[in-house]
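Undergrad: Structure below; questions to follow.
Every number in this text was worked out from the coordinates using simple rules, so none of it is lab data. These figures come from a predicted structure and were not determined experimentally. Here Cβ is always computed from backbone atoms with ideal geometry, including for glycine, and neighbour counts include all displayed protein chains.
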Amino acid sequence: MFQENSQVLWNKHQGGSYYKIGIGCRKEYSAAQPGQFVMLRAGRCAPRSALPQLLRRPFSIHRLIFSGDDVQGIELLYKIVGPCTRYLSECKQGDIIDVLGPLGNSFRVPDKSRRIFMAAGGVGVAPLVFLADILQKKKADLRKCTVFIGGRTADDLLCRDDFSDKGMSVQVSTEDGKAGEKGLITVPLESAIRQQPPDIIYACGPSGMLRSVAGIAEKYAVPCRISVETLMACGMGACLGCALKMKNNEGRYLHACADGPVFDAASLVF
Ligand SMILES: Cc1cc2nc3c(=O)[nH]c(=O)nc-3n(C[C@H](O)[C@H](O)[C@H](O)COP(=O)(O)OP(=O)(O)OC[C@H]3O[C@@H](n4cnc5c(N)ncnc54)[C@H](O)[C@@H]3O)c2cc1C
Ligand code: FES
């Protein structure tokens, strides 16, 4: 884990409230794995904004940025929801951001997993693109894999080409019905599982969606790994603010930053 003041390489609007930002990093980030995250303090890069940020905020590593064979930076996908992400959206090339990372555990892919389903809700797609990048690097046959991306509106359906360009099937749904199937993404996910269960499911998104995915995985006895998006203050196991209740283990808690953010879906109470 490293704490450094890193340069913004670029910052691009993706439509709606979504942006992608490239941030320089040291070469050790080449060992970063999908599911790992960084904690950002973005107050220094946007002098026009009113308040500097005291607490860092967690963001999944969306991609590694390479220059030849060397890692030059990390890419983050973010949605403006509050002060930190507003600051980030105002950052320009050359601005400095305080970055702590890489933190947390990662999505492990068992060797025998051939048919993989991924389920993403909104910005929860961020670590799953990194996972698909790594699977492609490991020569997994991504034509057997499907990603299910859900959002409230069409603006929330992100990164579809990042998966389809690798040969993955992409299914989308929106709550307002403006793109893909109308309704929650867990509906097409469950119907695909009913037809032919995958070897494993990976999911990231809001807690309601993760609860539903965990329930479906349990119902069809499919292994399922989820990345949770809890509130975090320190990101390092010090503040105990990201506690999650363990299933079948009365009174015991796990911590999203230190034990996760990736968990076996069957191990948590939602
Ligand atoms: C491991 C991890 C990875 C994450 N990766 C990403 C990512 O790749 N891209 C991204 O855009 N966001 C990600 N998040 C969520 C991001 O950290 C929060 O949205 C962050 O708090 C935004 O900071 P802010 O100051 O802009 O808004 P805040 O003022 O912190 O939050 C604005 C509003 O959103 C609510 N909120 C904040 N965080 C969460 C949360 N985790 N779940 C539900 N409600 C929340 C707050 O209660 C508040 O009402 C991740 C969170 C975790 C734990
Ligand atoms: S965020 Fe502080 S213990 Fe997890």
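Undergrad: Gain in length, Phe270 to Ala31, computed as 0.36 nm per residue apart minus the alpha-carbon separation, to one decimal in nm?
TA: Extra length from Phe270 to Ala31 when fully extended: 82.9 nm.
Undergrad: Further, regarding this structure: Convex hull volume of the Cα atoms in the chain, per residue, in Å³?
TA: Taking only Cα atoms, the chain has a hull volume of 126 Å³ per residue.
Undergrad: Then there's this: Pull up all non-local amide H partners of Lys247: gap of 5 or more, or a different chain, and H-to-H distance under 5 Å with H placed in the peptide plane.
TA: Leu268, Val269
Undergrad: Suppose every Lys and Arg Cβ carries +1 and every Asp and Glu Cβ carries -1, with no other charges. What dipole size does the range 88-200 come out with about its Cα centre, to the nearest 20 debye?
TA: Dipole size: approximately 700 debye.
Undergrad: Taking H placed 1.01 Å from N in the peptide plane, check which residues at least 5 places from Ala233 or on another chain put their amide H under 5 Å from its amide H.
TA: For Ala233, whose amide H was placed from the backbone, the distant partners under 5 Å are Gly241.
Undergrad: Also, quick follow-up: Along the charge dipole of the range 116-267, which of Cys242, Ile116, Ile226 sits closest to the positive end, that is, farthest toward it, with unit charges on the beta carbon of Lys, Arg, Asp and Glu (+1, +1, -1, -1)?
TA: So the residue we want is Ile116.
Undergrad: Now for a different question. When Rg is the radius of gyration of the Cα atoms in the range 105-174 and Rh is its Kirkwood radius, what does Rg/Rh come to?
TA: Reported Rg/Rh, Kirkwood definition of Rh: 0.96.
Undergrad: Sticking with this structure for a sec: Among Leu76, Pro34, Gly24, whose Cα lies farthest out toward the positive end of the dipole of the range 2-103, if unit charges sit on the beta carbon of Lys, Arg (+1) and Asp, Glu (-1)?
TA: So the residue we want is Leu76.
Undergrad: Could you check what % of the DSSP bridge pairs in the chain are antiparallel, to the nearest 5?
TA: Percentage antiparallel, nearest 5: 65.
Undergrad: Quick one: pull the percentage of alpha-carbon pairs in the range 129-270 with a separation above 18 Å.
TA: Cα-Cα pairs of the range 129-270 separated by over 18 Å account for 61 percent.
Undergrad: So, one more: Quick query: amide H of Gln36 versus all other amide H atoms, modeled in the peptide plane; which residues come in under 5 Å with a sequence gap of 5 or more or a different chain?
TA: Ile61, Phe107
Undergrad: Residue by residue through the range 113-125, which ³J(HN,Hα) values in whole Hz follow from phi under the Karplus form 6.51 cos²θ - 1.76 cosθ + 1.60 (θ = phi - 60°), with glycine and proline marked x?
TA: Values per residue, Gly and Pro as x: 6, 10, 9, 10, 10, 10, 10, 10, x, x, 6, x, 5 Hz.
Undergrad: Using DSSP, restrict attention to beta bridges with both residues in the range 116-267 and report what percent are antiparallel, rounded to the nearest 5.
TA: Roughly 20 percent of the DSSP beta bridges within the range 116-267 come out antiparallel.
Undergrad: By a straight-distance test (C-alpha under 18 Å), which lysines pair with Lys247 as possible cross-link partners, with residues fewer than eight away in the same chain excluded?
TA: Of all the lysines, those that pass the test against Lys247 - Cα under 18 Å, at least 8 places apart if same chain - are Lys219.
Undergrad: Using θ = phi - 60° and the Karplus relation 6.51 cos²θ - 1.76 cosθ + 1.60, list the HN-Hα couplings for the range 226-243 in order, rounded to whole Hz, with x at every Gly or Pro.
TA: 10, 9, 8, 10, 7, 5, 9, 9, 10, x, 9, x, 8, 8, 6, x, 10, 5
Undergrad: Once phi is turned into ³J(HN,Hα) by the Karplus curve 6.51 cos²θ - 1.76 cosθ + 1.60 with θ = phi - 60°, what whole-Hz value does each residue of the range 147-156 show in order, with x for glycine and proline?
TA: These are the phi-based 3J(HN,Hα) values: 10, 10, 10, x, x, 6, 10, 4, 4, 7 Hz.
Undergrad: My understanding is that a pair violates if its Cα-Cα distance is over 27 Å; which of Lys27/Lys112; Lys139/Lys245; Lys112/Lys137; Lys12/Lys138; Lys20/Lys166 do that in this structure?
TA: Long pairs (Cα-Cα over 27 Å): Lys27/Lys112; Lys139/Lys245; Lys12/Lys138.
Undergrad: Which order do the peptides 85-97, 243-255 take when ranked by the mean count of other beta-carbon atoms within 10 Å per residue, highest first?
TA: 85-97, 243-255
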